[in-house]
Amino acid sequence: MIIPRYKGELREVLYLEPRVVKIIKGQSITWINHDLKVHKLTSGDGHSSLPTGFLQTDDILPGKLTTVKIDSNQQSIPYYCSIHPSERGLIAILPKDEDQMTTDERSKFLEAVKPSLFNQENQKILTRLQRQLDSAVVEYLSNPQAPLIQNKILTIVFWDISHFSDLSEKLKQYPELIAVFLNEYLAMAIPIIHEFGGVVDKFLGDGILAYFGFTEHSDDESNGAINAIFAALKLKKSFQTVKHYWTDIWKVIINCDIDIDIKCGINTGNVLVGLTGSIERDQFSVIGTHVNLASRLEGLAQDDQIVISSYTLAKIEDKFEVETVRITWDEKIKSFENISEYHKVLR
């Protein structure tokens with residue numbers, strides 16, 4: 001017996017879990033309502049609210065359950081809550097037990113149900129998401145069985161351009177030059193982050209928040225930390241080309257030397273990663289104490305320094321040349337006063 005659950009999250013955001021249920025014809029499915037609202041399930045297109053008649057339940061009261069036997073010859077049955085049409089799921093009806101299917105049979109079955117998994121509306125949404133989210137996140141969200149939020153050990157990196165405020169002040173009469181420079185800087189940085197398996201979380205003015213280890217398939221958490229530092233070192237080197245090109249242009253325009261660099265803070269730890277927000281708007285991001293510490297370390301970095309925490313240092317062992325810096329009493333990190341040292345990556 002397969003048991004999807006109807007869950008209620010904070011702000012009463014509802015969803016079916018799992019979103020895709022795999023069964024063999026003749027098996028039964030039990031839905032348990034763990035929400036505080038009544039739900040009623042029907043087969044069909046939730047976007048248009050057009051039922052198909054393959055599935056119809058009575059009202060499922062909070063804390064109650066309902067069981068339906070599936071005898072349909074369909075390969076897949078999309079369904080939704082007729083009271084809350086945005087809550088949708090899919091029943092995939094296998095020809096036989098999945099463990100007994102050959103690779104070729106699984107491929108053919110996936111092709112058959114793919115239109116239900118990725119209909120035209122979903123594709124439009126994914127196209128819009130590709131402009132707003134990192135490609136790795138879009139791919140992750142394309143999997144209907146992927147958890148929407150999870151705890152995971154990741155390596156968090158904050159990059160920032162040192163002396164950018166001074167640059168903005170000196171070029172305040174030429175905002176278009178700053179905008180084009182930022183575009184070229186980001187166009188250089190993003191491929192480097194992706195090259196080492198990083199995920200771009202968001203842009204923060206002249207800063208970048210990224211995380212590493214999210215796409216790792218192994219349980220070796222050191223890979224994310226090592227790749228983050230490789231990315232930081234390459235970005236630091238590549239930034240010099242962008243910097244020299246633009247400082248020459250700025251000097252001609254304002255007849256003034258402008259010195260900028262790229263600096264970053266890196267920390268490794270358990271964070272919450274996934275969809276957060278409200279019904280009107282949500283975001284796929286990382287949150288937690290270890291994210292905050294990475295931000296604080298970026299604030300400690302000077303000029304083109306790469307500053308890492310002791311948590312990250314423990315993951316990379318002796319793969320990089322590192323200099324340890326003791327934190328004096330008057331330099332204590334806000335909200336992390338117990339931390340007594342950080343580390344600068346030299347090469």
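Would it be correct to say that I208 is open to solvent by less than 20 Å² (accessible area, probe 1.4 Å), in contact (Cβ under 8 Å) with a residue 24 or more places away in the chain, out of contact with any Lys or Arg (no Cβ under 9 Å at 6 or more places or on another chain) and outside any helix (DSSP H, G or I)? Quick ask: steps written out before the conclusion?
Values: open to solvent by less than 20 Å² (accessible area, probe 1.4 Å): yes; in contact (Cβ under 8 Å) with a residue 24 or more places away in the chain: yes; out of contact with any Lys or Arg (no Cβ under 9 Å at 6 or more places or on another chain): no; outside any helix (DSSP H, G or I): yes.
Considered against the rule, which asks whether it is open to solvent by less than 20 Å² (accessible area, probe 1.4 Å), in contact (Cβ under 8 Å) with a residue 24 or more places away in the chain, out of contact with any Lys or Arg (no Cβ under 9 Å at 6 or more places or on another chain) and outside any helix (DSSP H, G or I), I208 comes out as no.
Need the failing condition index for K202 against (1) out of contact with any Gly (no Cβ under 8 Å at 6 or more places or on another chain); (2) assigned to a helix (DSSP H, G or I), just the number.
Just one mismatch for K202, condition (2).
Give the stretch 175-191 a look and list any residue that's open to solvent by 10 Å² or more (accessible area, probe 1.4 Å), under 20 Å from G265 (Cβ atoms) and touching a helix residue (DSSP H, G or I) at 6+ places or on another chain (Cβ under 7 Å), or say none.
Once the filter is applied, which keeps residues that are open to solvent by 10 Å² or more (accessible area, probe 1.4 Å), under 20 Å from G265 (Cβ atoms) and touching a helix residue (DSSP H, G or I) at 6+ places or on another chain (Cβ under 7 Å), the stretch 175-191 yields only M188.
Evaluate the following for N122: is it open to solvent by less than 70 Å² (accessible area, probe 1.4 Å), at pLDDT below 75 and outside any strand (DSSP E or B)? Don't jump to the end; show me each part of the working.
Numbers: open to solvent by less than 70 Å² (accessible area, probe 1.4 Å): yes; at pLDDT below 75: yes; outside any strand (DSSP E or B): yes.
For N122, the condition - open to solvent by less than 70 Å² (accessible area, probe 1.4 Å), at pLDDT below 75 and outside any strand (DSSP E or B) - is met.
Every residue in the stretch 296-331 that is farther than 19 Å from L209 by Cβ and among the hydroxyl-bearing types (S, T, Y), please.
The answer is S310, T324, T328.
Give the number of residues within the stretch 143-174 that are farther than 23 Å from N227 by Cβ, among the polar types (S, T, N, Q) and surrounded by fewer than 17 Cβ atoms within 10 Å (Cβ to Cβ).
4
Can you confirm whether the stretch 226-234 contains a residue that is among the aromatic types (F, W, Y) and over 17 Å from A179 (Cα atoms)?
The initial filter retains those residues of the stretch 226-234 that are among the aromatic types (F, W, Y), namely 230.
Restricting the remaining residues to those that are over 17 Å from A179 (Cα atoms) gives 230.
The answer is yes; a qualifying residue exists.
Would you call N227 open to solvent by 30 Å² or more (accessible area, probe 1.4 Å) and in a strand (DSSP E or B)?
For N227, the condition - open to solvent by 30 Å² or more (accessible area, probe 1.4 Å) and in a strand (DSSP E or B) - is not met.
Within the stretch 33-107, which strands (runs of 3 or more DSSP E) (wholly inside it) include 2 or more residues that are open to solvent by 60 Å² or more (accessible area, probe 1.4 Å)? Let's see the steps before the verdict.
Details: elements: 41-45, 50-56, 65-69, 76-81, 88-94.
So the answer is 50-56, 65-69.
What strands (runs of 3 or more DSSP E) completely inside the stretch 240-333 contain at least 3 residues that are crowded, with 16+ Cβ neighbours inside 10 Å? Spell out the reasoning first.
Values: elements: 261-277, 282-287, 306-308, 322-326.
The qualifying strands (runs of 3 or more DSSP E) are 261-277, 282-287, 306-308.
The values are calculated or read from the model by the stated rules, or taken from the named source; none is laboratory data. All figures in this text were calculated on a predicted structure; none of them were measured in a lab. Cβ sites come from the backbone with ideal geometry, for glycine too, and all protein chains shown count toward neighbours. All accessible areas refer to the heavy atoms of the entire protein, side chains included, with ligands and DNA or RNA removed. Shrake-Rupley method; radii C 1.70, N 1.55, O 1.52, S 1.80 Å.
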